[in-house]
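Nothing in this text is a laboratory measurement; each read-out follows from the coordinates by a stated rule. Every value quoted in this text rests on a predicted model; they were computed, and no experiment measured them. FYI the Cβ positions are ideal-geometry reconstructions off the backbone, even for glycines, and counts take in every protein chain you see.
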Amino acid sequence: MSETAEPTGPGRVVGTPVTAVYPELRGKAAVVTGAARGMGARFAAALAARGVDVVGADIDADAMAVTAKEIAEEVAGAEGPGRVVAAGMDVTRAEDHEAVAASAAREFGRLDFWINNAGIFPFAEVGDVTPAQIRATLSVNVEGVLFGAQAAARHMRPGGAIVNMSSVSAVRVRRGRGAYCASKAAVAHLTESLAVELGDQGIRVNSIAPGYIDTEMTRWVREDPKALQHALDVVPLHRLGSPEEVVGPLLFLLSDSARYVTGHGIAVDGGSRHV
Ligand SMILES: NC(=O)c1ccc[n+]([C@@H]2O[C@H](COP(=O)([O-])OP(=O)(O)OC[C@H]3O[C@@H](n4cnc5c(N)ncnc54)[C@H](O)[C@@H]3O)[C@@H](O)[C@H]2O)c1
């Protein structure tokens, strides 16, 4: 998969950053939304490599099926890899969440983790952004997270964990992304509300706030020399991050090492939130 490319920029690092195993994850079951590519695909692969059964769900069902097959081949050599089952799903539809949660519980006999990862990023300044773009952004990025948490909570037992994908855009405003910034600020705040209420069921809810991570969503940065140079100049670590570099924080949040951590957000942004 192309997402394994090494990070870009003068502060380039090499080698995989994810060596943590977290043996307690083995035998558990997870749903990852938006898993056909990008970070979601790497999350699904990292979990499967550690013996977690995964439903990877994406609106692009064909791409999801291909990715699930690639991940199965990738992790085949791991010790006791988890299964990866592909599902078509539109996160804006509450009924799709319920169907995916029920299929995970049926297929694997349990549901322990839910990663609300699917997201969209329309680039448009306030004078240009259309009602359709605004509604789609809020529907996928915010309603999708809330529906996911609802379905997860109906099927999880105490000890379950939900991770939502927020963004540096939740705390730093950039031109051309008002709807996206608003949606990700909502995800960060929603994570806290969910943590308070789902704590009653022993379910933890945390978020991850990535900065510039090198995926299809940020291809425009890589392809625009000015935008790329700007990113490399302003990010304190002077490089883009790789999807693999978000895996470690995800595994930590799901693991028993974080069992008293809820309602928290981890920034994985090379320091971008400070500039
Ligand atoms: N890449 C970054 O720099 C960055 C930074 C901050 C936050 N994030 C967030 O991290 C998450 C993953 O980002 P990525 O860069 O891997 O994105 P990506 O665009 O590479 O992948 C997103 C996936 O979500 C799927 N998707 C979109 N709409 C959907 C829907 N309605 N239902 C189901 N699936 C849907 C897409 O088909 C795609 O496979 C997103 O929530 C994104 O907003 C990304």
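Taking the helices alone, the chain has a mean residue ellipticity at 222 nm of -12500 deg cm²/dmol, built from -39,500 (n - 2.57) per DSSP H run of at least 4 residues and averaged over all its residues. A simple rule links phi to the HN-Hα coupling: the Karplus curve 6.51 cos²θ - 1.76 cosθ + 1.60 with θ = phi - 60°, which for segment 155-162 gives 10, 8, 9, x, x, x, 9, 10 Hz, with x for Gly and Pro.
Close amide H contacts of VAL54 (hydrogens built in the peptide plane, cut-off under 5 Å, sequence separation of 5 or more or a different chain): ALA30, ARG83, VAL84, VAL85. Relative intensity of segment 16-77 on a log10 scale, I(q)/I(0) at q = 0.27 Å⁻¹, equals -1.17, per a Debye sum over C-alpha point scatterers of equal strength in the absence of solvent. If you take all other residues with their beta carbon under 11 Å from the beta carbon of ALA124, and give Lys and Arg +1 and Asp and Glu -1, the sum is 0.
Label sites at ARG93 and GLU70, each approximated as a point 7 angstrom past Cα along Cα to Cβ, lie 2.5 nm apart. Full extension of the chain segment joining ALA78 with HIS189 gains 36.2 nm, where the gain is 0.36 nm per residue of separation less the Cα-Cα distance. Each residue of segment 30-39 is assigned a 3J(HN,Hα), and the resulting list reads 9, 10, 10, 8, x, 9, 6, 7, x, 5 Hz, derived from the Karplus form 6.51 cos²θ - 1.76 cosθ + 1.60 (θ = phi - 60°), x at Gly and Pro. Only sites in a loop by DSSP and with at most 16 other Cβ atoms within 10 Å count here; which chymotrypsin sites (Phe, Trp or Tyr not before Pro) in segment 92-185 make the cut? Here the sparse-neighbourhood loop sites are PHE123. Treating r as the C-beta distance of GLU125 and HIS274 and R0 as 22 Å, the FRET efficiency rounds to 0.35.
To the nearest 10 degrees, how steep is helix 225-234 against the longest Cα principal axis of the chain, on a 0 to 90 scale? It works out to around 80 degrees. How much of the calculated P(r) for the chain lies past 22 Å, in percent of all Cα pairs? So the portion of pairs separated by more than 22 Å is 53 percent. Take the Cα of GLU24, step 7 Å toward its Cβ, do the same at ASP200, and the gap between the two points is 2.5 nm.
Determine one quarter of the surface area of the Cα convex hull of segment 161-275, which equals its mean projected area, and express it in nm² to one decimal.
Numbers: hull surface 28.8 nm².
Average of the hull's projected areas for segment 161-275 equals 7.2 nm².
Remark: segment 170-175, residue by residue, has Karplus-estimated 3J(HN,Hα) of 6, 10, 10, 7, 10, 4 Hz, where x stands for each Gly or Pro and the curve is 6.51 cos²θ - 1.76 cosθ + 1.60 at θ = phi - 60°. Please list the equivalent ellipsoid semi-axes of segment 183-222, computed as the square roots of five times the alpha-carbon gyration tensor eigenvalues, in descending order and whole angstrom. Those come to 30, 10, 6 Å.
Mind giving me the FRET efficiency for ALA102 and TRP220? R0 is 51 Å, r the Cβ-Cβ distance, nearest 0.05 is fine. About 0.85, to the nearest 0.05. Since only VAL75, MET165, ALA46 are under comparison, the one whose Cα sits farthest along the positive direction of the charge dipole of the chain, derived from C-beta charges on Lys, Arg, Asp and Glu, is MET165. Amide hydrogen proximity for ILE266: with H placed 1.01 Å from N in the peptide plane, the residues at 5 or more positions away or on another chain lying under 5 Å are SER207, ILE208, ALA209.
Placing a label point 7 Å from the Cα of HIS230 along the Cα-to-Cβ line, the residues of segment 150-174 whose backbone N sits under 11 Å from it are 174.
Counting 0.36 nm for each residue step from ARG172 to GLN133 and taking away their Cα separation leaves a gain of 12.0 nm.
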